[in-house]
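Read through the structure below, which is laid out as structure tokens, and then see the notes.
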Amino acid sequence: MDSDLQSDQATASRAIWPWLAATVLCILFALSHSFSSMAMYDDESYVMMTIKTFLEGDRLYAETYTQYGPAYYMFQQPLHGWFGVPITHDVVRFKTVAAWVLIGLLCGFVAAKVTGKQLVGIAAMMLAVLHLEKLGLEPAHPQEMVTVLAMLCLAMMGSRKRSLLFLAGVCAAFAGLAKLNAGATSAAACLFAAGMVSVDSRRVSRMSAIAGCVIATAVAGGVFATIAKRSMESAQWTTAIWPLIIFGSCLLVCAQVWFGKPEAQAEVASKPGEQSFSFLAIAAGGIVGSSWVIAWSMLHGNSLHEILHGVVLQHGFMADSFYHPIQVDGFGMLFVVPAVLMLLLRFTRPAEQVASIDRVLFAFPPIVLAIAFVQMSVDSCKVLDHGLNPRGAAFFLATVGPAMMPVLLLKKQPSQLRLALAMLGCLSPVLAFPVPGTQVSLGTLPILIALVISTSDAIEIANRSSNRINSPSVFRRSTLAVAAVVLFSTGVFGYRWVANIALDQPGCRLVRLEAGRVETERAIAECIRSIDSPWLAFDSHNHNRFFFWTGKKPLTSTSPTFWPAMLTESQKSKIESAARDAESICVVKINDERIRLSDYAPAIEQALFGSWQPVGQVGDWEIGLQKQP
């Protein structure tokens, strides 16, 4: 007995070491990317400023301007409010690294849970971390917290315990009340999986299944209708292809479970009506989670209308102002069209012919995954520049990925977790609407994990049909290949960090950038500090880092965004009044910006530049003092 126990402990110990090694590698990868990058558009400092002004007592939406829902600030309050952790550029990068690696671990857990193979889980973890490298360009952004919640929600779908399914609903609600589209896709995928896990003749069970399908297809259909309308208005018909792929793939996944051959239908619930209780548990969790966040927000001064504005209403304006259509990847369409045709053919053929069709379909995920891995590998050493720049495999996966999701369900009796992952892979690319930046990578993350699992399925099937394939060897070599790319990219970015120069500003001691950028940033900060005024304003947007580096304050809690086109007349009026009431203001004029005060807020421009006198200049930046006469 003792020898058996010792043997089990030794086996467990050997199993944990690869996970630990991969986790350490992922941490180093995330650190090297996060601390050697800082986007010029400075979204991180904008978000940091919203946290700062909220914690100082300026309530969300009415006073603190923010594009994000209250759940994000609910999660920031304990760390920065109760425990007093400072809001600095170094701190938010450590937070991003922690969230980044946690996302990878959750992806690895899902892959290992579905396949039962630890190496597949480790490979999935490292691929996820590699795929999300743009997170290093946008630390502090709510997208990292939302992705953690979405992956937690998915991981909990691996259990049939109603308590965990309830928590999955809570996570989806929290995600939705930070970023609405993320919560909607997670909730729809989970409700679909819970409703469809056993389609039988009982009326209540059928109602759950129908509700799950309707909710999932409604999310996809809504996005398709919205983008198709824009395509008609702009006469850019090709931009409607991408949401059509998402909507069509969603319908194929529903059909695969409901009308598929008996051997490919979902696993049967262990008790009558079990999936109905699972469906209700997730829905109840969503209601409780939503109520929790709404109550918290109201306790912090918000009205229901303000919360509705922050979570839903303001995004109509955002979609109009910042919409960037996703153009489908032409190369990716070479895989989408035949895969969809084969899936449709599968529904029309007798059972004895389905196996041969499935063998062809199982060939798609390994090929798509290999192409995506090559794309990620090629770009993994390039300098991180802008979230909107195409990088890695994100756009390829956004085109091809949804059409690959039905293949995930070809295995006999797909589990509840497979169902949730398949639907999430169809729906999550909508995170790229309206701005296909880093959100494309986040939205295609479930697709990447589904491709890893489907590739594992394909290797196992090939191994059973031919003894020439050594599946353990294939898994080991594939995992080592992913580790090699992650290690090499870590080395490249680590070398850049060492070769670069520290910004060496308050709260930003560990970030190191190119010498020219550092020299400019330091000179601007020093010139701003030299001006005798507690207030700081810019005639354009995206420069909130200087509030943290110089200790100067914005005129109002609305001004940190300072995208004049986004401000309401009431917000403009408050900024104008604050500018006229201030005895003196340090005002920075940037001559190369496109969004200017003169175009959207001439009254504020007059208040800031009426008697403005230049004090210093750094490149295109003019720093001066505005004094009231």
Exercise for review: Confirm whether S377 is assigned to a helix (DSSP H, G or I), in contact with a His (Cβ under 9 Å, 6 or more places away or on another chain), touching a residue at least 24 places away in the same chain (Cβ under 8 Å) and of a type in the set (S, T, Y).
Suggested key: no
Review point. Conditions: (1) out of contact with any Leu (no Cβ under 9 Å at 6 or more places or on another chain); (2) farther than 13 Å from F29 by Cβ. V101 meets all but one. Number of the miss?
Key: (2)
Check your understanding: Just a yes or no: is a residue in the range 230-237 assigned to a helix (DSSP H, G or I), at pLDDT below 85 and closer than 30 Å to P70 by Cα?
Key -> yes
Check your understanding: Of all residues in the range 310-345, how many are without any contact (Cβ under 8 Å) to a residue 60 or more places away in the chain, small (G, A, S) and more than 17 Å from A184 (Cα to Cα)?
Key -> 1
Point to revise | Matching residues, the range 84-99, being at pLDDT 95 or above and out of contact with any Ser or Thr (no Cβ under 7 Å at 6 or more places or on another chain) | key: V85, P86, I87, T88, H89, D90, V91, V92, F94, K95, A98, A99
Point to revise | Matching option when the condition is free of Cβ contacts under 8 Å to residues at least 12 places away in the same chain and either closer than 28 Å to A188 by Cβ or over 25 Å from the mean Cα position of the chain (by Cα) (or both), among S441, S356, S415, S428 | key: S356
Check your understanding: Of all residues in the range 584-602, how many are loosely packed, with under 14 Cβ neighbours inside 10 Å, in contact with an Asp or Glu (Cβ under 9 Å, 6 or more places away or on another chain) and part of a helix (DSSP H, G or I)?
Key -> 1
Study note, to complete from the structure: From the option list G136, G116, G183, G104, single residue qualifying as free of Cβ contacts under 8 Å to residues at least 40 places away in the same chain, farther than 19 Å from G69 by Cβ and in the same structural domain as A209 (by TED's automatic domain parsing) is G116
Check your understanding: Taking the range 521-562 as the search range and keeping residues that are touching a residue at least 60 places away in the same chain (Cβ under 8 Å), under 30 Å from N500 (Cα atoms) and among the hydroxyl-bearing types (S, T, Y), which one is surrounded by the most Cβ atoms within 10 Å (Cβ to Cβ)?
Key -> T561
Check your understanding: Counting only residues that are under 21 Å from E521 (Cα atoms) and of a type outside the set (D, E, K, R), how many does the range 33-69 have?
Key -> 14
**Study point:** Cross-chain or 6+ apart pairs with Cβ under 7 Å, the range 46-61 first and on the phi > 0 side of the Ramachandran plot, then in a helix (DSSP H, G or I) and charged (D, E, K, R)
**Key:** Y61/E306
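On the basis of being within 19 Å of N544 (Cβ to Cβ), buried (at least 18 other Cβ atoms within 10 Å of the Cβ) and either free of Cβ contacts under 8 Å to residues at least 60 places away in the same chain or of a type in the set (G, A, S) (or both), does H89 make the cut?
No.
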Practice item. Among residues belonging to the range 18-50 that are farther than 30 Å from F538 by Cα and of a type outside the set (A, V, I, L, M, F, W, C), point out the one that is surrounded by the most Cβ atoms within 10 Å (Cβ to Cβ). Key: S32
Review point. Which pairs have Cβ atoms under 9 Å, sit 6 or more apart or on different chains, and link a residue in the range 286-309 that is among the charged types (D, E, K, R) to one that is surrounded by 19 or more Cβ atoms within 10 Å (Cβ to Cβ)?
Key: E306/L60; E306/Y61; E306/S297
Practice item. Could you list, in sequence order, all residues of the range 604-629 that are surrounded by 15 or more Cβ atoms within 10 Å (Cβ to Cβ) and not in a strand (DSSP E or B)? Key: I604, E605, A607, L608, F609
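Residue by residue through the range 297-318, note down the ones that are over 24 Å from the mean Cα position of the chain (by Cα) and surrounded by 14 or more Cβ atoms within 10 Å (Cβ to Cβ).
M298, H300, G301, N302, E306
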Check your understanding: Inside the range 48-74, can you point out the residues that are closer than 19 Å to E306 by Cα and not in a loop (DSSP other than H, G, I, E, B)?
Key -> T50, I51, T53, F54, L55, L60, T64, P70, A71, Y72, Y73, M74
Check your understanding: Do we have T66 as under 23 Å from V293 (Cα atoms), modelled with pLDDT of 90 or more and surrounded by 14 or more Cβ atoms within 10 Å (Cβ to Cβ) here?
Key -> yes
Check your understanding: What is the number of the single condition among (1) touching a Leu at 6+ places or on another chain (Cβ under 8 Å); (2) farther than 21 Å from V383 by Cα; (3) surrounded by 24 or more Cβ atoms within 10 Å (Cβ to Cβ) that L132 does not meet?
Key -> (2)
Check your understanding: Just one of A189, A193 is at pLDDT 85 or above, buried (at least 22 other Cβ atoms within 10 Å of the Cβ) and closer than 30 Å to Y61 by Cβ; which is it?
Key -> A189
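Conditions tested, residue by residue: (1) under 20 Å from A168 (Cα atoms); (2) in contact with a strand residue (DSSP E or B) (Cβ under 7 Å, 6 or more places away or on another chain); (3) not acidic (D, E).
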site	(1), (2), (3)
D379	no, no, no
V383	no, no, yes
T399	no, no, yes
A403	no, no, yes
L431	yes, no, yes
S441	no, no, yes
Exercise for review: Identify all residues within the range 282-333 that are closer than 23 Å to W237 by Cα and touching a helix residue (DSSP H, G or I) at 6+ places or on another chain (Cβ under 6 Å); write none if there are none.
Suggested key: P325, I326, V328, D329, G332
Exercise for review: Those residues that are over 16 Å from M40 (Cα atoms) and touching an Asp or Glu at 6+ places or on another chain (Cβ under 6 Å), I need them from the range 526-583; list them, please.
Suggested key: S557
**Study point:** Matching residues in the range 334-352 - criterion: being over 15 Å from W242 (Cα atoms) and touching a helix residue (DSSP H, G or I) at 6+ places or on another chain (Cβ under 9 Å)
**Key:** P338, A339, M342, L343, L344, L345, R346, F347, R349, A351
Check your understanding: In this structure, does M207 turn out to be more than 30 Å from A481 (Cα to Cα), touching a residue at least 12 places away in the same chain (Cβ under 8 Å) and among the aliphatic types (A, V, I, L, M)?
Key -> yes
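The values are calculated or read from the model by the stated rules, or taken from the named source; none is laboratory data. On a predicted model such as this, the values are computed, not experimentally measured, just so you know. Every residue, glycine among them, receives a Cβ derived from its backbone with ideal geometry; neighbour counts consider all protein chains shown.
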